[in-house]
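A quick write-up on the structure given underneath.
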Amino acid sequence: MNERIQKLIKPGIIIAALTFAICCLIKKPQEFGDYTSNVSYAVTVVTLIFYIYEKWAWQIIPWNRPPVLKKQYSGTIRYTFKGTAGEKPIGIQIKQTWLGIDIKTNTDINSSVTITAAIVSEFGQDILYYTYMTNPSAATQKSNPIQHGTCRMVLEGDNKTIRGKYWTSSNTTGDIEWKAVEKRK
């Protein structure tokens, strides 16, 4: 089981028990149906609290929080493919919740979407691993077919700049650097 989910079990039980106890104090149970009604209230409260936490509150409440990634980055890919080296710009969009990360990238010849992603700790350093599938444009599909790849990105500080490496099923390898796109005020 995911370590972050395991950390939720105890607080979930405590919140459910407190909610159940408060419901029993407010509306004294007279029969079995009253108890099940109070259990239902407790489950509903815990579900709502954790839904709100998973979607939004985790970013501002520091308890059990993974690194918060920016919503948009622009970057550079330095790649090697069949002995040829090159460099190209890349746009990155990230949607992150407490339990999930979706990453979409765009270059001049293709886009990619996340298959799976996770932030893990390696010797005290946060690392973003994600696998993806490319979606090449029709004009480049023959020379650049659909491929799968994996990235290993090192997260440091406030994550305004993220650097890492990638490799693909077509034996392309390279380095990536992302820089956060600041919101205009």
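Taken together, the values in this text are just the output of simple stated rules run on the coordinates, not laboratory data. Everything quoted here is computed from the prediction, not taken from an experiment. Don't worry about glycine lacking a Cβ; one is built from the backbone with ideal geometry, like all the others, and counts go over all protein chains shown.
Using C-alpha pairs below 8 Å separated by at least 6 residues, the relative contact order for the chain is 16 percent.
If you run the Gaussian network model on the chain, springs between alpha carbon atoms under 10 Å, then out of Y79, Y35, Y130 the most flexible one is Y35. When the chain is treated as a Gaussian network with alpha carbon springs shorter than 10 Å, the biggest mean-square fluctuation among K88, K70, K27 belongs to K27. Of all aspartates and glutamates in the structure, those lying under 19 Å Cα to Cα from K88, and not within fewer than 8 positions of it along the same chain, are D108, D175, E177.
Put simply, the amide H of T173, placed in the peptide plane, has neighbours under 5 Å in T80, leaving out anything fewer than 5 places away on its chain. Note on W56 and T140: with the Förster distance fixed at 25 Å, the Cβ-Cβ geometry gives a FRET efficiency of about 0.05.
Eigenvalues of the alpha-carbon gyration tensor of segment 3-59, scaled by 5 and square-rooted, set the equivalent ellipsoid semi-axes at 26, 11, 8 angstrom, largest first. The orientation-averaged shadow of the Cα convex hull for the chain, equal to a quarter of the hull surface, comes to 15.4 nm². Dipole check for segment 72-180: with +1 at the C-beta of Lys and Arg, -1 at the C-beta of Asp and Glu, and the Cα centre as origin, the magnitude is about 300 Debye.
Assuming charge only on the beta carbon of Lys and Arg (+1) and of Asp and Glu (-1), the dipole of the chain about its Cα centre is about 440 debye to the nearest 20.
Taking each DSSP H run with n ≥ 4 as -39500 (n - 2.57) and averaging over every residue of the chain yields -9000 deg cm²/dmol at 222 nm.
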